[in-house]
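The values are calculated or read from the model by the stated rules, or taken from the named source; none is laboratory data. Since we're looking at a predicted model, the values are computed, not measured. As a convention, Cβ positions derive from the backbone with ideal geometry for all residues, glycine included, and neighbour counts pool all protein chains shown. Ligands, DNA and RNA are excluded from the accessible area calculation, which covers all protein heavy atoms including side chains. Shrake-Rupley method; radii C 1.70, N 1.55, O 1.52, S 1.80 Å.
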Amino acid sequence: MTVVHLGRAPVLPAAALPAVRSAAVVYAGVGVDASLWGAVPVPDVLKPGAVLLTTDPSEPAALWMATTGSEVIGPPSPLLDAVAVMDRLRSPGGCPWDAEQDHESLRQYLVEETYELLEAIEDGDRAALREELGDVLLQVLFHARIAAEDPSEPFGIDEVAGDLVAKLVGRHPHVFSGGDPKVTDASSQQHRWEELKQVEKQRTSSLDGVATGQPAVALAGKLAQRVARAGFPVDLLPEGDDTGTTLFAVAALAKLAGEDPETELRAVARRFASSVRAAEASARAAGVTGALTAEDWRAHWLA
């Protein structure tokens, strides 16, 4: 007899197919739709050669079979579970809201989840980090599932993962191809990555591939970093006394000095926001009501 754990989705592990196909009878345990595999409810007495499909390995029949020597298969990888759940949500009978979404409507959520992940990293919150990584993964699965439905150029999560594997292997010849004389340390690897990317994508400019939709401080830093790698002299960076040029120069020079201007500015902004909240809380505790005056702010400013 065999116990097959289907996971939460549920998804039948590939390793379980031979057992299911040759089973004398297939039982539908907890969380299993019997009609999907021609299964029958679990009886009081199990037949020899039976296969039990279940999403709960602690159900009585599964425990009994496992403790009496039955083969136990599964569950599938949680990643496969996640893909299956996303497929179910987008399929007929799934979630109406999920079914209505497209790449454009999901853009805001991708940005929001990414910033929530950044906040978890900045806070050093391990529980939040784990949760937010899952939320970002959801966005990848969602977009890949929508892409699979495209009538003219469909691709799914397998193609996305396949392209990623090919990219990682191709851009790490020092790891996967017996060595690369141009890579001696982390810094040289960074330069080599950009070289290989430029050849691979047939780019004609050092700025090709820079996402201009990113925050302005990060964009300024990235532009400066890219052109510096192409031998661009620092004295040709924009000059001027206006606010935009000054901000660009500060961000660019910070990046060239090895700092991350976007992260540095975010850190200052978050400290400022924390100080503002602390001052407001202090004023409320002191009985100040309504809008704070300049004198109130100074009296309760703790930074």
Using the Kirkwood radius over Cα pairs of the stretch 93-218, the Stokes-Einstein translational diffusion coefficient at 4 °C and 1.567 mPa s, in µm²/s and rounded to a whole number, is 73 µm²/s
Candidate span helices, the chain: DSSP H, at least 30 Å along axis from Cα coords, Kyte-Doolittle average at least -0.5, result 126-148, 261-285
The answer for the longest stretch of the chain without any exposed GluC sites (Glu not before Pro) (DSSP loop, at most 12 further Cβ atoms within 10 Å) is 1-103
For K255, the lysines lying under 19 Å Cα to Cα, once residues fewer than eight places off in the same chain are dropped, come out as K222
FRET efficiency (L17, A291; Cβ distance; R0 45 Å; to 0.05) is 0.05
For the stretch 203-208, Karplus-derived ³J(HN,Hα) couplings (6.51, -1.76, 1.60; θ = phi - 60°; whole Hz; x for glycine and proline) come out as 7, 9, 10, 5, 9, 4
Full extension between R284 and S152 adds, at 0.36 nm per residue less the Cα distance, a length in nm of 41.5 nm
Residues whose built amide H sits under 5 Å from the amide H of R203, excluding neighbours closer than 5 in sequence, are none
Applying the gyration tensor rule to the Cα atoms of the chain (axes a ≥ b ≥ c; rounded if a/c under 1.5, else prolate if a/b exceeds b/c, else oblate), the class is oblate
Long-range amide H partners of L12, meaning residues 5 or more apart or on another chain whose placed amide H is closer than 5 Å, are none
Placing each pseudo-label 7 Å from Cα in the direction of the beta carbon, D235 and V169 end up separated by a distance in nanometres of 4.9 nm
Rounded to the nearest whole number, the Stokes-Einstein translational diffusion coefficient of the stretch 157-254 at 20 °C and 1.002 mPa s (Kirkwood radius, C-alpha pairs) in µm²/s is 138 µm²/s
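Estimate the FRET efficiency between R277 and Q214 by the formula 1/(1 + (r/R0)^6), using the beta-carbon distance for r and 30 Å for R0, to the nearest 0.05.
With R0 = 30 Å, the Cβ-Cβ based efficiency is 0.60.
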Between the alpha carbon centres of the stretch 20-65 and the stretch 225-258 the gap in Å comes to 66 Å
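Defining a contact as two alpha carbons under 8 Å apart and six or more residues distant in sequence, what relative contact order in percent does the stretch 180-303 show?
18 percent
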Here the stretch 1-156 gives, from Cα atoms, an Rg and Dmax in Å of 19.4, 56
Expressed as a percent, the accessible surface of the chain that is carbon or sulfur, using a 1.4 Å probe and the full set of protein chains, is 58 percent
Distance in nm between A66 and S205 label points, each 7 Å along Cα→Cβ, equals 5.9 nm
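Is the shape of the stretch 1-42 rounded, prolate or oblate, going by the alpha carbon gyration tensor and its root eigenvalues a ≥ b ≥ c, with a/c under 1.5 for rounded and a/b larger than b/c for prolate?
oblate
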For the chain, dividing by residue count, accessible area per residue (probe 1.4 Å) in Å² works out to 63 Å²
Contact order relative to length for the chain, counting C-alpha pairs under 8 Å separated by 6 or more residues, stands in percent at 10 percent
Given 136-143, 180-187, 166-173, the highest-first ranking by average Cβ count within 10 Å works out to 136-143, 166-173, 180-187
Spelling it out for R171: with amide H atoms placed in the peptide plane at 1.01 Å from N, the residues 5 or more places away or on another chain with amide H under 5 Å from its amide H are none
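Might you report the magnitude of the Cβ-based charge dipole of the stretch 124-258 about its Cα centre, with Lys and Arg at +1 and Asp and Glu at -1, to the nearest 20 debye?
It works out to roughly 460 debye.
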